[in-house]
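Novice: I have a structure here, written as structure tokens, and I will follow up with some questions on it.
The values are calculated or read from the model by the stated rules, or taken from the named source; none is laboratory data. All figures in this text were calculated on a predicted structure; none of them were measured in a lab. FYI the Cβ positions are ideal-geometry reconstructions off the backbone, even for glycines, and counts take in every protein chain you see.
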Amino acid sequence: MSEPIRSFEDLDCWRACRELRIFVARTLCNALPKDERYRLGDQVLRAARSTTANIAEGYGRFHYLDNAKFCSNARGSAWEVLDHVITAEDERLAPGEITTEARNHVEKAVALLNGYIAYLRRAASTKPPLEGDSSPITSNQ
């Protein structure tokens, strides 16, 4: 039997987005030239931070479809991170290895988000509205 989800921190999709955010902050931003840390670095870091923040905010909603909408926003932010990383590689601001690693983080996060969003949409059509707990989930999604 799986552990119940008690917080957004228990969601696999949030954990994957956290790994992406940490990768961006510690690896990508540090690899950028100093002047780009305040231009492209700021943009990519904001997008990465948005992934986890949107999942957390959606988890705090009392309706499955509200939660799914915020997770969709998180998914869009994950793809935005990848676009910024590709830009960094195209402009020779960061090495290709960073793009490869970032792509792996993004693809993992998006796959987990897709699964969680599908679960939320199914739950919205089969379960009663939530009262007081935004995610009565019994398995990691």
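Novice: Six or more apart or on different chains, Cβ under 6 Å: which pairs go from a residue in region 1-23 that's touching a residue at least 24 places away in the same chain (Cβ under 8 Å) to one that's in a loop (DSSP other than H, G, I, E, B)? Could you list them?
Specialist: Here the result reads S2/T138; S2/S139; P4/T138; I5/S135; I5/I137; D12/N140, each pair linking region 1-23 to a residue that is in a loop (DSSP other than H, G, I, E, B).
Novice: Name the one entry in A111, A68, A48, A124 that is at pLDDT below 95, closer than 22 Å to F8 by Cα and part of a helix (DSSP H, G or I).
Specialist: So the residue among A111, A68, A48, A124 that is at pLDDT below 95, closer than 22 Å to F8 by Cα and part of a helix (DSSP H, G or I) is A124.
Novice: OK, next. Take the residues in region 40-72 that are of a type in the set (S, T, Y) and closer than 30 Å to A94 by Cα, then tell me which one is surrounded by the fewest Cβ atoms within 10 Å (Cβ to Cβ).
Specialist: The extreme case among them is S72.
Novice: If a residue has to be outside any helix (DSSP H, G or I), crowded, with 16+ Cβ neighbours inside 10 Å and of a type outside the set (V, I, T) to count, how many in region 5-39 make the cut?
Specialist: 2
Novice: Here's a follow-up. Is it the case that some residue within region 131-140 is more than 13 Å from the chain's Cα centre (by Cα) and at pLDDT 95 or above?
Specialist: Among the residues of region 131-140, not one is more than 13 Å from the chain's Cα centre (by Cα) and at pLDDT 95 or above, which makes the answer no.
Novice: Please verify whether region 90-98 includes one or more residues that are of a type in the set (A, V, I, L, M, F, W, C) and either assigned to a loop (DSSP other than H, G, I, E, B) or free of Cβ contacts under 8 Å to residues at least 12 places away in the same chain (or both).
Specialist: Yes.
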